[in-house]
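The values are calculated or read from the model by the stated rules, or taken from the named source; none is laboratory data. Note that the coordinates shown come from a computational prediction; the quantities given were computed from them, not determined experimentally. Remember, those area values only see protein heavy atoms, side chains included, never the ligands or the DNA or RNA. Shrake-Rupley method; radii C 1.70, N 1.55, O 1.52, S 1.80 Å.
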Amino acid sequence: ERVWYNKISMDHPIYDLKNDIFNEINALGVRATNNYRFGGEAVLTRNVFLRMGYALYESMFSGASDDFRKENISLGMGFRNRDFSLDLAYIYSETKSSVYMYKTQSVLGQASNKLMKNFLTVSLGCRF
C-alpha cells in the first residue's frame, strides 16, 4: 500500500490548522512511503491450519531511511470444525529510531533505539 504522509491535512472551522499542520509536516521532511504485507496459510489437516506473515512499514522521514521503520513477523495456528474455532498467533515487532538531544545533529550525536515487542493472541469462536 502507498501512504502519502507528505499530503496530510487537517481542517477546523475556527482555526487555520490546514496551513499550520501542513507547514509543520513539511518541516519534518516527511515523504510518501510504501507498506508491504505478505502472508500465507497451509492446511495441515482438514481442521488444522498453519499461518505465517511478514510486514514492512517504511519510514516516513526522508532524511533517514531506517528511522522509524517497522517490521513484523507473525506465526499462527488455527483449529476449526463445524461449531468451534481456536486461533493462536505470535507477532514479533521491531522498530528502529534515532534520537538527537538538540535540533542540530552535530552537537552531541545521536542515540539509537531499537524497540522490540512480542505479542501473543488467542481467538475463540463458536456457532450456535
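Potential lengthening of the chain between Ser93 and Phe79 amounts to 2.6 nm, from the contour at 0.36 nm per residue minus the alpha-carbon distance. In this structure Val43 has an accessible area near 90 Å², from a 1.4 Å probe over the protein heavy atoms.
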